Each structure stands twice: as C-alpha cells, then as structure tokens.
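Nothing in this text is a laboratory measurement; each read-out follows from the coordinates by a stated rule. The shown structure was predicted, so the numbers you read here are calculated from the model rather than taken from an experiment. Glycine also receives a Cβ, built like all others from the backbone with ideal geometry; neighbour counts cover every protein chain displayed.
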Amino acid sequence: MRRVRRTAGDIFRWPLWLGVFTAIGLASALLGNDGWDVLSWVALAIPLAVLGWKASRAT
Amino acid sequence: MTARSVKWWSLVHKWTSLVCTLFLLMLCITGLPLIFHDEIDDFFQSEVSARELPADTPQAPLSKLIDTAKARYPARFAQVLNWDQDRANVVNVFLSEVPAPPPGKRLLKLSFDSRTADLLEEDAQEGGVMRTIRVIHRDMLMGLPGELFLGAMGLLFVIALVSGVVLYAPFMRRLEFGAVRRGGAPRIKWLDLHNLIGAVALVWLLAVGLTGIINTISLPLFNAWRAQVLPELIAPHLGKPPLARFADIDGVVATARQALGGNVPASVVLPTQARFGTPRHFIVWTKGATPITSRLFTPAMLDAETGQLVAARGLPWYLRVLQVSRPLHFGDYGGLPLKIIWALLDLATIIVIASGLYLWLGKRKSRQLGMQVTDRPTTVATSGVTS
C-alpha cells in the first residue's frame, strides 16, 4: 500500500466521470433512436470496460 | 470526516443493506430474465404476424373487429382495443367474462389483421413462466402490499447506496481508484471489489433503484388521478339509464386523432363498468412519436353516446414521471445492446450485494474468533486529522 493521502477530489474524480458517462448513456437513448442509441451504448460501455479492466488487474 | 461520523454511517450502511439484501438479490435474479422478456417470449411462442399486403392497403373499420369478437364470444364483454406495439397491422381486442373485471384480471386477447379484419389468434394470457417471474419481481405474488413492501426495500437500498458513497472516501484515502488488493485475506479482495463495482455502477444503481420505487406506487398514483378526473366526467350522467346505443368507434378515434394532432392512438378503452374506464365514455390513449414521448400517454375522453370530445388533457406531472421512469427501470429503450448492458450491470449488482453479505458474515465470524481484521481504515486515516 502506498503511503499517500488522497484528497476528496482525487478519490471521487474517477467515480464522478464514470457517473457522468452513465448519465449521458441513460439519457441519450431516451432522446432519440439510431445515433442516440449508439451514443448510449458507448457511454454506458465505458464504465463497464473500466470495471472489467480494474477487476482483472492485480495490484 | 470524524471517526464518530464514520461509525454512524457504517451503522446506517450495515443495517439498511442487511434488511433489504435478500429482497434485492431476488429482484436482481428475477430481473435478469425480465430484461430479455421480449426475446424470450418470441423464442418460446412466436406470435402470428399480419400478412404481407401492399403498403397502401386500407385499414378495415375497427367496428368490424369488435363485431367479429362479440359474435365469437356473445357472452363476453369487449373492454379494450389496442394497436399491437410489436406487430405492424395487428389490432388486439380484449374481452372479459364479467362486465367489471377486477384489476389484474387477465382478459381474453383476440388479435386481428387490421386491414383484412381476419382473426389471427386468440390468447387467454394465462400462466407462463415469464409472467410468474414478472409477478414475483413486482409484488412477490402478494398484490399491492407486496409491491409497496418492495418499494420500501428499494428505499433502504437507495439509503445504503448513499451511505456507501459517504464511506467510500475514508476507505479509499490511501488507495488508488479501482485498486483490488490480492494476495492478502480474501475479505480484503472482496471489500475492494465491492467498493470498485459500487463506485462504477453507482449512477445506474440509483437510476434503476429510484425508478423501481416509483413503479411500486404506480397503482396508487393512477387511482389518485382517476379519483380526481372521473367524478367530474361522470357527474352529468349520474342517475341516467344505461346507454342502449353507442357512438361509432371509428368516428371516436378520428375525433381523438384530430384533437391530439401530433400523437397517434395506442389504445381505446370502450365504455365499461370496469375501473379503468367509465360507462359513459370512450377513452382513447394516445402517444407521441419519439422514444421519450412514445412513453408519455395522453388520454382523450369522448362521450359514449354522441362521440363528441369531452376532454383531452395531458396527464399530471406525477404520472409523467412514472411513465418516463418505466423505461429507465426496464432498460428496454435502446435495442438489444442496451439490454445486454443492463444485464451486465445487473450481474455486477449481484456481486456487490453478495460481497457485502459475505463481508458482514465474515466480520461476525472473525469477531467470534477474537481476531482483528484490518479491513477498516485506521482512525487516523478516517478522522481527517493529518497524521
């Protein structure tokens, strides 16, 4: 474990951005079809990809 | 954050989670097949489609479909007619055995080709594994009380999520985002995974949780609206004998179309004793054309005798919120890829819940053994006091 104290900004930076992507993904498919649907899939796939990447990585 | 407040939030997180855990697990597990219910239904029982006919083939009068349905089942009561959501050129007529079927009662569904007026199929809408799973997911086979109970569990779940966010900071004080410590005690690994998945899926969890809660109060909300709207509509007709003649349904639908220009009709509630309609009106439910407005239904009420428009108002805000919250709960508004994303996030939720339960069980066990497991941040780390 690293002996570094992280600020609230450090701690919540990633979750905040992933939350923004999720919100965009949830909203965009409601707003339209086709392009909006694709935007929704991409935006929601980002948090899932980060999850897969982090969960598969040993520290 | 002080050690005291960390302790308080820990208690909130622990107890709100513990109380709702098993119900949330049930909801996640039953919810998984429900995400794909359209695909599953299609796979097991393919519905009859309308024939291929030239695109400019005119539609048959709706009255012909209703007359055919009534002739086939003279002892039954035609209640509702709808344009099939999934099948082009198919109109369904729903019949009940009694004049005022109780809420939730399955109606006999007759599907017609809307151009030839040919009967395509009959569906008693009884049984079926998917229907049972849906009812368990909605109310655990206990009707409204079960539904409201699950709503309360959803509320606890949302509180658990919020308290989890608060606790996330002290836990992550010395860790990089997404760090999963392996090689140590399994609890540490599962704690890190619990925090990671929770942090990644938080907004989705909140969206599905909150919209689920809203769905559990849909029946009371619709009842409140009915109690507000219907007495006024019915008042002029009180004490009058039942109608012998009704207005022509095709004229009624045309009038409703005209009144709500941008919308298309989705269903028609025929004059009925049932609670979803009135004996003196046709209710034409219309919807918009975009993904979001197609979820927002606007009713037009027309006089059952004269066919004249009585009222065509948008629904109050709380029913609009309810209608928009449905797709956000079901994930059925962005094609199959969105459903797959929903399923993956649902599986992630199961891991969060199961790991939380595991961490709690493990802590009890280690306490019994008199062991101290260092999965908690130290007081210094959590207190915010520089060490």
How far is the Cα center of region B:229-249 from the Cα center of region B:163-202, in Å?
-> 62
Charge dipole magnitude, Cβ of K and R +1, D and E -1 - region B:85-194, Cα centre, debye nearest 20 | 1000
Hey, if you put +1 on the Cβ of every Lys and Arg and -1 on every Asp and Glu Cβ in the protein assembly as shown, which of B:L81, B:T211, B:P241 ends up farthest toward the positive end of that dipole?
-> B:T211
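Between A:R5 and B:M26, what FRET efficiency comes out of the Förster formula 1/(1 + (r/R0)^6) with R0 = 51 Å and r the beta carbon distance, rounded to 0.05? Write down the numbers at each step before the final one.
Values: r = 41 Å, r/R0 = 0.80.
Given R0 = 51 Å and the Cβ-Cβ separation, E is 0.80.
If exposed means no more than 13 neighbouring beta carbons inside 10 Å and the site is in a DSSP loop, what's the longest run of chain B without any exposed trypsin sites (Lys or Arg not before Pro)?
On the way: sites that count: B:R51, B:K105, B:R182, B:R245, B:R313.
For trypsin sites (Lys or Arg not before Pro) (loop position, at most 13 other Cβ atoms within 10 Å), the longest site-free span of chain B is B:106-181.
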State which stretch of chain B is the longest one without any exposed GluC sites (Glu not before Pro), exposure meaning a DSSP loop state and at most 11 other Cβ atoms within 10 Å.
-> B:127-387
If you average the sequence gap of Cα pairs under 8 Å that are 6 or more apart and divide by the length of chain A, what percent do you get for the contact order?
-> 29
Hey, rough spin-label estimate for A:L31 and B:R182, points 7 angstrom out along Cα→Cβ, what's it come to in nanometres?
-> 4.0
Against the longest principal axis of chain B, how steep is helix B:335-368, in degrees 0 to 90 to the nearest 10, with axes from Cα atoms?
-> 40
Between B:D332, B:D42, B:D192, which gets the highest mean-square fluctuation from a Gaussian network model of chain B, Cα cutoff 10 Å?
-> B:D42
In region B:155-231, if every C-alpha pair distance is counted and binned at 5 Å from zero, what percent goes to each bin?
-> 3, 13, 17, 16, 13, 10, 7, 6, 5, 4, 3, 2, 1, 0
Here the averaged projected area of region A:11-54, based on the convex hull of its alpha-carbon atoms and given in nm², is 2.9
Rounded FRET efficiency, nearest 0.05, which uses the C-beta distance separating B:K64 from B:L233 and R0 of 35 Å | 0.80
Which residue, B:A274, B:A201, B:A227, tops the fluctuation ranking in a GNM of chain B built on C-alpha contacts under 10 Å?
-> B:A227
Please get the size of the charge dipole for chain B, origin at its Cα centre, with Cβ charges of +1 on Lys and Arg and -1 on Asp and Glu, quoted in debye to the nearest 20.
-> 2140
Could you work out how far apart the two model spin labels at B:Q85 and A:V42 are, taking each label as a point 7 Å from the Cα in the direction of the beta carbon, and quote it in nm?
-> 2.9
With each label point set 7 Å from Cα along the Cα-Cβ vector, what nm distance links B:A354 and B:E305?
-> 6.4
Specify the angular offset, from 0 to 90 degrees and rounded to the nearest 10, of the alpha carbon long axis of helix B:186-216 from the longest principal axis of the alpha carbons in chain B.
-> 30
Which three lengths, in whole Å and largest first, does region B:37-151 cover when its Cα atoms are put on their principal axes?
-> 50, 34, 21
Can you tell me the FRET efficiency between B:D41 and A:A23 if r is taken as the Cβ-Cβ distance and R0 is 45 Å, rounded to the nearest 0.05?
-> 0.90
Based on Cβ point charges of +1 for Lys and Arg and -1 for Asp and Glu, what charge dipole magnitude is obtained for the protein assembly as shown about its Cα centre, in debye rounded to the nearest 20?
-> 2960
When the label point is put 7 Å from the Cα of B:L144 along its Cα-to-beta-carbon vector, which residues of region B:252-279 have a backbone N closer than 15 Å?
-> B:275-276
At a temperature of 10 °C and a viscosity of 1.306 mPa s, determine how fast region B:51-110 diffuses translationally according to Stokes-Einstein, using the Kirkwood radius over alpha-carbon pairs as Rh; express D in µm²/s, rounded to the nearest whole number.
-> 124
Could you give P(r) for the protein assembly as shown, binned at 20 Å from zero, as whole percent values over all Cα-Cα pairs?
-> 21, 47, 23, 9, 0
Hey, got the Cα dimensions of region B:4-60 along the principal axes, in Å, largest first?
-> 74, 25, 15
Determine, at each q value in 0.09, 0.17, 0.20 (inverse angstroms), the log₁₀ of I(q)/I(0) that the Debye formula gives when each Cα of region B:196-334 is one equal point scatterer.
-> -0.34, -0.96, -1.19
What's the angle, to the nearest 10 degrees (0 to 90), between helix B:317-330's Cα axis and the longest principal axis of chain B?
-> 70
q = 0.06, 0.09, 0.12 Å⁻¹: log10 I(q)/I(0) that the Debye formula gives for chain B, counting C-alpha atoms only | -0.34, -0.67, -0.99
In the protein assembly as shown, taking the dipole from +1 charges on Lys and Arg beta carbons and -1 charges on Asp and Glu beta carbons about the Cα centre, the listed residue (B:W360, B:W225, B:L196) farthest towards the positive end is B:W360
